[in-house]
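One structure below.
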Amino acid sequence: MVNKHKFEIDFKKVSQLFPKLRYTEKKSGWSIYGDMDICDIQGHYWETFDIEIFISNAYPYCTPVVWEKSFVIKRHPDFHIDVNGCCCIDIEHKLLMYQTRGMDLFGFIKDKVYPFFVNQVYRKYDGNYASGEYAHRFDGIIQFYKEELEIHSPELAIEILQKILDNNLPQRYDSCICGKKKYKICHYASVEYLKLVPKTRLVKDILVFESNWIKNK
């Protein structure tokens, strides 16, 4: 299978940077497991985490799941981990995009997984995350829409999401959905980003905006 061949090639690159990681093949995909050593920028050892990453056999078009198995991290949502050790590596929207855009295993582990655990160690000693964090639950969705998509009102968020779901979007040179500028220089990029997110997640966002944000205005 093409995806098995690609996974094996990509994992070789991973193992060069993280030599303590191994993998086993399962019926539904691959389980990457082992120790991940965390060092500072001078190469000084900080901490070791026992981790597991599940990659489905749809790779590269899949959303990885990451667990911390060494119980170094307190099992609490404030630490972006649940009671089972499942780690919230990034906001769900970005992870779900892998299902449509595809993912690079080496880039995911180097740029997402390793910094997550670096941040956990940094917080352990400093009390804060070195590179900041998304807020939790609904507040994190608001933050994502505001900071990364420049969608600042609940009404506009709902209207944009509904138009995506209905495939009723303006042409590039028409007025934007927000009514301020030409669509191509306004919210076009934000809409194209959201179109890569599974529709089930967009439906959830609409319900969240309607039931939480507008209700609490």
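Given their separation in residues at 0.36 nm each and the Cα-Cα distance between them, Phe138 and Ser175 gain 10.3 nm when the chain is fully extended.
Quick one: go through segment 15-38 and flag any residue whose amide nitrogen is under 20 Å from the point 7 Å out along the Cα-to-Cβ line of Asp50. Inside the label zone: 18-25, 31-38.
Across segment 137-213, how many lysine pairs, 8 or more positions apart or on different chains, have C-alpha atoms separated by under 24 Å? Please give the number. Close lysine pairs found across segment 137-213: 21. Semi-axes of the equivalent ellipsoid of segment 2-126 are 24, 17, 13 Å, computed as sqrt(5λ) over the eigenvalues of the C-alpha gyration tensor in descending order. Between Arg201 and Lys124, full extension at 0.36 nm per residue minus the direct alpha carbon distance yields a gain of 24.5 nm.
Excluding same-chain neighbours fewer than eight residues apart, the lysines reachable from Lys4 by a Cα-Cα span under 18 Å are Lys12, Lys13, Lys26, Lys27.
Our summary of shape: the Cα atoms of the chain have principal axis extents of 53, 45, 32 Å, ordered from largest down, in whole angstrom.
If the segment from Tyr193 to Asp104 were pulled out straight at 0.36 nm per residue, it would be longer than the present Cα-Cα gap by 30.2 nm.
Readers should treat all values here as calculations from the given coordinates under stated rules, not as data from a laboratory. The shown structure was predicted, so the numbers you read here are calculated from the model rather than taken from an experiment. Cβ atoms come from the backbone with ideal geometry, glycine included; neighbour counts cover every protein chain shown.
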